[in-house]
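Peer 1: Sharing a structure, written as structure tokens. Questions coming.
The values are calculated or read from the model by the stated rules, or taken from the named source; none is laboratory data. Being a predicted model, the structure only gives us computed values, none of them experimental. Cβ: placed from backbone, ideal geometry, glycine included. Neighbour counts: every protein chain shown. The area values use the complete protein model at the heavy-atom level, side chains included, leaving out ligands, DNA and RNA. Shrake-Rupley method; radii C 1.70, N 1.55, O 1.52, S 1.80 Å.
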Amino acid sequence: MNHYQEITIIKSPDISPYFVWSKVFMQVHIALVELKNKDDTVNIGVSFPEYRRFEKNDKIISVLGSKLRVFAKSEDELRELDLNQWLSRLSDYVHIKSIKSVPEKDVKNHLVVNKVDQIGNMERLTRRFAKRKNISFEAAKQQQIENYAKEKGISISKSADLYDNPKLQSYPYIMMKSLSGNNQFSLEIDQSETDQPQTGVFNTYGMSSKTTVPHW
């Protein structure tokens, strides 16, 4: 990623930053959908420079911050994305910087920015799994419990308990609407640092479980 554009949410006493984030990122998502490849991936990634997750008084504090960086390999790709046009109706609430080159000498490390899929309703997940595998619900449930126990190195009984009482973590999120069903949902975001850059593509939220973007 050689070029980027930075968006800052402007503080205002008249409107919640969460509401602005929702409007901003919905427009960014729609813009990326317009540019998606045939396999529903995009070549443009995002990061949240002020993102933080930390523990305080035995609680996880999650902070998204007020900035969004949008990355591409070339300046032309960001010009084609045209964030200024997509966010023109929000000009009173956001500040958009011009396209710049990534300051390589200032890059500290790289980020993996990923959409978190926390499942609170395990029954729904199991029914989908059973349908995909063409097996009974009980067989699918048992298989999921065993797979999770093996993956995490815990006992079957502990895995079964977590299945019935899943412990959901706290992540920064943005309220979004589904483009297909117009349903509202929380887009939870996990952002972590890595020393090793990884090239690749992103989903239409500009996120990936593997592909990285630079951080400074």
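Peer 1: Helix 137-152: angle to the longest alpha-carbon principal axis of the chain, degrees 0 to 90, nearest 10?
Peer 2: 70 degrees
Peer 1: May I ask you to give the percent of accessible area on the chain that is carbon plus sulfur, with a probe radius of 1.4 Å?
Peer 2: Roughly 45 percent of what the probe reaches on the chain is carbon or sulfur.
Peer 1: Now for a separate question. Which residues make up the longest stretch of the chain that has no trypsin sites (Lys or Arg not before Pro) in a DSSP loop with at most 14 other Cβ atoms within 10 Å?
Peer 2: Here the longest run is 109-166.
Peer 1: Identify which of the listed values of Rg and Dmax of the Cα atoms in Å was calculated from the structure shown: (i) 19.5, 56; (ii) 19.2, 61; (iii) 16.4, 54.
Peer 2: (i)
Peer 1: Could you work out the relative contact order of the chain? I mean the mean sequence separation of Cα pairs under 8 Å and 6+ apart, divided by the number of residues, in percent.
Peer 2: Relative CO of the chain lands at 32 percent.
Peer 1: Hey, can you find the accessible area per residue of the chain for me, probe 1.4 Å, expressed in square angstrom?
Peer 2: 62 Å²
Peer 1: In region 1-74, which chymotrypsin sites (Phe, Trp or Tyr not before Pro) fall in coil by DSSP and have 11 or fewer other Cβ atoms within 10 Å?
Peer 2: Answer in residue order: no site qualifies.
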